[in-house]
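Only one structure is covered here, and it is reproduced in the block below.
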Amino acid sequence: MNINIIKEEVKSHLNKSVEIFVHGMRNKSYKVKGTITHVYPSIFIVNEDQVEKSFSYSDLATGEINIKYL
């Protein structure tokens, strides 16, 4: 998937709820459920219970994270 398409898709869900599944190393993965609060040229920020976590668009493109729009 094209990175510009991913950026536009994420930007269209600004201030909306999402679930992000992070596939970590050694089969350790976790889920982040929050709201997309900021979008920048290389990353986007998800606020989960007053804690901001950043994710890159390239992680979405490579499948290291998956996003589900709620």
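Restricting the first member to the stretch 58-70 and to residues that are open to solvent by less than 60 Å² (accessible area, probe 1.4 Å), and the second to residues that are of a type in the set (Asp, Glu) and not in a helix (DSSP H, G or I), the beta-carbon pairs closer than 8 Å and six or more apart or on different chains are 67/19.
Across the stretch 32-63, the number of residues qualifying as under 17 Å from residue 2 (Cβ atoms) and not hydrophobic (A, V, I, L, M, F, W, C) comes to 8.
The values are calculated or read from the model by the stated rules, or taken from the named source; none is laboratory data. On a predicted model such as this, the values are computed, not experimentally measured, just so you know. Glycine also receives a Cβ, built like all others from the backbone with ideal geometry; neighbour counts cover every protein chain displayed. Side chains are part of the model used for accessible areas, which takes the heavy atoms of the whole protein and leaves out ligands, DNA and RNA. Shrake-Rupley method; radii C 1.70, N 1.55, O 1.52, S 1.80 Å.
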